[in-house]
1. As a test of the formula, what do you get for the chain when each DSSP H run with n ≥ 4 contributes -39,500 (n - 2.57) and the sum is divided by the residue count, at 222 nm and rounded to the nearest 500 deg cm²/dmol?
2. Pairs of Cα atoms under 8 Å, at least six residues apart: use those to get the relative contact order of the chain, whole percent.
3. Please work out whether the range 16-94 counts as rounded, prolate or oblate from its C-alpha gyration tensor, where a ≥ b ≥ c are the square roots of the eigenvalues and a/c under 1.5 means rounded, while otherwise a/b larger than b/c means prolate and anything else oblate?
4. Mind checking the range 43-94 for chymotrypsin sites (Phe, Trp or Tyr not before Pro) that DSSP puts in a loop (not H, G, I, E or B) and that have at most 10 other Cβ atoms within 10 Å?
Amino acid sequence: MVKKRHDVDVLEKCPTGIKGLDEITKGGLPKGRPTLICGNAGCGKTLFSMEFLMRGAMDYGEPGVFMTFEETPEDLAKNFISLGFDLPDIVLHS
């Protein structure tokens, strides 16, 4: 649903479930549109992306796909346990 504001269509948002981000972005990321996450190595792109996917799956029942060409599943699991996500457990029970 697109809401009108002052005769202009307001972009529908997809909540991220990430604390503070939905407030800053006034509802989340644009729904139905790609969002490019870019930055230097180590700035948090992978952690941001995984938290978005995990919160979407756990909080909103949304499907998601995570692809990486640089990190092993074991490395990802170590990174995501720091966010409180037990990646192997979640993947096995999905």
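Each value in this text was obtained by applying a stated rule to the coordinates, not by laboratory testing. Predicted model, so just to flag it, every value in this text is computed and none were measured. So basically every Cβ, Gly included, is an ideal-geometry build from the backbone, and we count neighbours across all protein chains shown.
1. -10500 deg cm²/dmol
2. Numbers: 71 pairs, mean separation 16.0, N = 94.
Reported as a whole number, the value is 17 percent.
3. On the way: a/c = 1.70, a/b = 1.26, b/c = 1.35.
In terms of gyration-tensor shape, oblate.
4. Values: sites: Phe48, Phe52, Tyr60, Phe66, Phe69, Phe80, Phe85; in loops: Phe66, Phe69, Phe85.
The qualifying sites are Phe69.
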